[in-house]
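Below is one structure, written out as structure tokens; comments come after it.
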Amino acid sequence: MSREHERREAEHRSETDAGVNRRRFLALTGTTAGALTVGTQPATATAQEVTDVAGFSCDHPHFTCGREVTAADGMVSTVDPIAGGVAARVLREGGNAIDAAIALQYTLNVTQPHGSGIGGGGFMVVYDAESDSVEAINSRERASQGATPEMFLDDDGNELPFGEAIQTGEAMGVPGTLKGLETARERYGSRSRQRLIEPAIKLARDGFTVDWFLAEQIAANTEKFNEAALETFSDESGALYTTGDTMTNSDLAETFERIKRDGAEAFYEGAIGEDLAAEIQRHAREPERAVDEADLAQYDVTIDEPIRTKWYDVELVGQPLPSSGPTVVSMILKLLEFLEIDTYERRSPEMYHLLAEAIIVAWGDRMEHMGDPEFVDVPIDSLLSDAYLQERADLIELGQSVLTEGCFGGGEPHRISTDGQTTHFSVVDRWGNAVSYTSTIEQFMGSGKMVPGRGFMINNELTDFDRTPGGPNEPEPWKRPMSSMSPMMVLRDGVPEFTAGSPGGWRIITSTMQAILFRYVYGLEPLAAITEPSIYTHYCGGISWDAGVPEEARQTTAEWGQEWDATPSTLGNVQVIDIGTDALTGAADPNRDGQAVGLERAGGPGRH
Ligand code: GLU
């Protein structure tokens, strides 16, 4: 861990402690979720100045920036302050939440190339105020038409080591992000592609400031970089970019220029796609199993009906399978409702025990049943039914664990996959449109391979399949690997009230779930909800935990069968927006450099 990382973690811990005092105040005043007045407390960290975005500054009277901010006319919450500035500027010009989210994603490809980009995929959940409906634009990567269930096995039939598998051409799925952005723009956008991609082009061409996190990811991933990546992440003297440097990516600027001119076709059926397919093929162990130009030409997104689950007096809404995320989040939260979690104190042994047990039980169903619904019959309605979840909740008791030996549901521990990273962001505009979007190239820096001359990284999403054949999530031709990404919204009376999501592989599910739990059941304000110490476990047990989980709770629940890691971890990177009746409150997780940007007095028709 670098010194900068340690410093950030210390800063995070002190911000978390500051949050605790505020929450104690809230508890004393008897504030509960639903009745919360929005964000009267100042953010716990000062705003980060953004100097890279033309027409945007945190000092501008129309913008307000911070870990948690409140504003009337628009809100952006993202891990990247530069991309947040780009999106806020789109909102200020009168663009809607979908326009802003599109510009934000293009920018992230430049400024946070380790987390997402047009070489990857994602899930964009959109609430459209005009039609009063939610839909999910699913740009998940697909396996090639030639994929086989055995493609991640070695010649002896054993699983390829993960570190090896992620760098094979077989791991690289057909990217969906660009089709997803263009589809969203065509369905909901009010601004041209040219306008929305331009800030990213400018940043790639003229340069942007490398933050500590990107610098760390460059340094940490050089071993898997191909030559194009090494070159792009190095300055003119050949040294790797480091914190504070100005990085340019002229290849990506040129790629985006082509997309600006010719649209998604330039990628899926044009010269960019040819180079992408050639690079994937070059890394394949058997080229016929890996993505080729025909696969790219055939790719399209799907428009999915979100899953919707009644929980207390609100509704949990999110991307359905092939992401297991929102389904499992909803199952856990429903189990906790049936277990009457609200009768136990936050940070009590009882609360952590029930939390861990509910996660373990829901995870058993994830592993046993879930996969791409185009290929697998998943009994989603039954899994989310009150009758079934009540039955499952009845398995859980204080004083003992459902796990006595092995993994819950009899699954195998070898399927555990907690590595991987991505990015989550949310945008809400003054018309009430909302976007909750999680976007990924799977591992940090994806496969480590950049398309030569094109400036973007290729995903390794297909290692989200089980590497051993046989289960519902085995690789198959044209199938989408099961995800954990959890772009979610909480709706009250059919209208979004809260958006949430996180990166973090399997931890995405537990981090997003706990943000919603702490906000709604324990009444914490948005920043407090995402910094409240959380835990992570899965169907095989063993608990990772944030600093701040009391020792007494760990000791007591250890006697009840929980196994806690010896030391704390940093879990998730949650971004949320709370949508009140008069104001929006955005909060960005302080464990990285994220910030929320609020907008007052937006421009555009009817506002001048
Ligand atoms: N590949 C992961 C998933 O879809 C997302 C990346 C991450 O692990 O954060 O679940």
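Throughout, read-outs are computed from the coordinates displayed, never taken from laboratory work. Just so we're clear, the structure is a prediction, and the values are computed from it rather than from any experiment. Don't worry about glycine lacking a Cβ; one is built from the backbone with ideal geometry, like all the others, and counts go over all protein chains shown.
Things worth noting here:
- Counted over region 478-590, the DSSP beta bridges are approximately 90% antiparallel.
- Farthest toward the positive end of the dipole of region 71-188, out of Ala171, Gly120, Leu91, is the Cα of Leu91, where the dipole comes from beta carbon charges about the Cα centre.
- Principal axis extents of the Cα atoms in region 151-200, from largest to smallest and rounded to whole angstrom, are 54, 22, 12.
- For region 340-424, the Kirkwood hydrodynamic radius from C-alpha pairs, put into Stokes-Einstein at 37 °C and a viscosity of 0.692 mPa s, yields a diffusion coefficient of 220 µm² per second.
- When peptides 162-169, 239-246 are ranked by their average number of other Cβ atoms within 10 Å per residue, the highest-first order is 162-169, 239-246.
- Near Gln595, the amide H atoms lying under 5 Å from its own belong to Thr78, Asp80; only residues 5 or more places off or on other chains count, and H is placed 1.01 Å from N.
- Using only the C-alpha atoms, the convex hull of the chain corresponds to 134 Å³ per residue.
- C-alpha center-to-center spacing [region 199-219, region 115-133] in angstrom: 24
- Dipole magnitude for region 433-547: about 280 debye, using +1 per Lys or Arg Cβ and -1 per Asp or Glu Cβ, origin at the Cα centre.
- J(HN,Hα) series, region 61-75, from Karplus relation 6.51 cos²θ - 1.76 cosθ + 1.60, nearest Hz, glycine and proline x: x, 8, 10, 9, 10, x, 4, 9, 9, 10, 7, 9, 9, x, 8
- Over 20 Å (Cα to Cα) - which of Lys179/Lys260; Lys334/Lys479; Lys202/Lys260; Lys179/Lys479 fall in this group: Lys334/Lys479
- Packing order of peptides 92-105, 60-73, highest average first: 92-105, 60-73 (average count of other Cβ atoms within 10 Å over each peptide's residues).
- Proximal charge balance of Asp313 [Cβ under 10 Å; K/R count +1, D/E count -1]: 0
- In this structure the amide hydrogen of Trp311, modeled in the peptide plane, comes within under 5 Å of the amide hydrogens of Leu316, none closer than 5 places in sequence on its chain.
- Relative contact order for region 109-162, counting Cα pairs under 8 Å that sit 6 or more residues apart, in percent: 22
- Beta bridges by DSSP in the chain, antiparallel share as percent, to the nearest 5: 95
- For the pair region 544-581 / region 372-430, the C-alpha centres are spaced 18 Å from each other.
- Region 414-561 shape via C-alpha gyration tensor axes, a/c threshold 1.5: oblate
- Most positive-pole-ward Cα, Ala362, Ile307, Pro373, against dipole of region 290-408 from beta carbon charges: Ala362
- Long-range amide H partners of Ser502 with built H, under 5 Å: Ser486
- Computed helical MRE - 222 nm, the chain, DSSP H runs ≥ 4 contributing -39500 (n - 2.57), nearest 500: -10500 deg cm²/dmol
- Local electrostatic count, Val361, Cβ distance below 12 Å [Lys/Arg +1, Asp/Glu -1]: -3
- Whole-Hz couplings from phi, Karplus 6.51/-1.76/1.60, listed for region 495-504; x for Gly and Pro: 10, x, 10, 7, 10, 7, x, 7, x, x
- Magnitude of the charge dipole, region 535-589, Cβ model with Lys/Arg +1 and Asp/Glu -1, debye to 20: 120
- Loop GluC sites (Glu not before Pro), region 363-469, which have at most 12 other Cβ atoms in a 10 Å radius of their Cβ (DSSP): Glu405
- Residue ranges 499-512, 351-364, 268-281 sort as 499-512, 351-364, 268-281 when ordered by packing (mean number of other C-beta atoms within 10 Å per residue, highest first).
- Note on region 363-470: Cα-only Rg and Dmax are 19.2, 59 Å.
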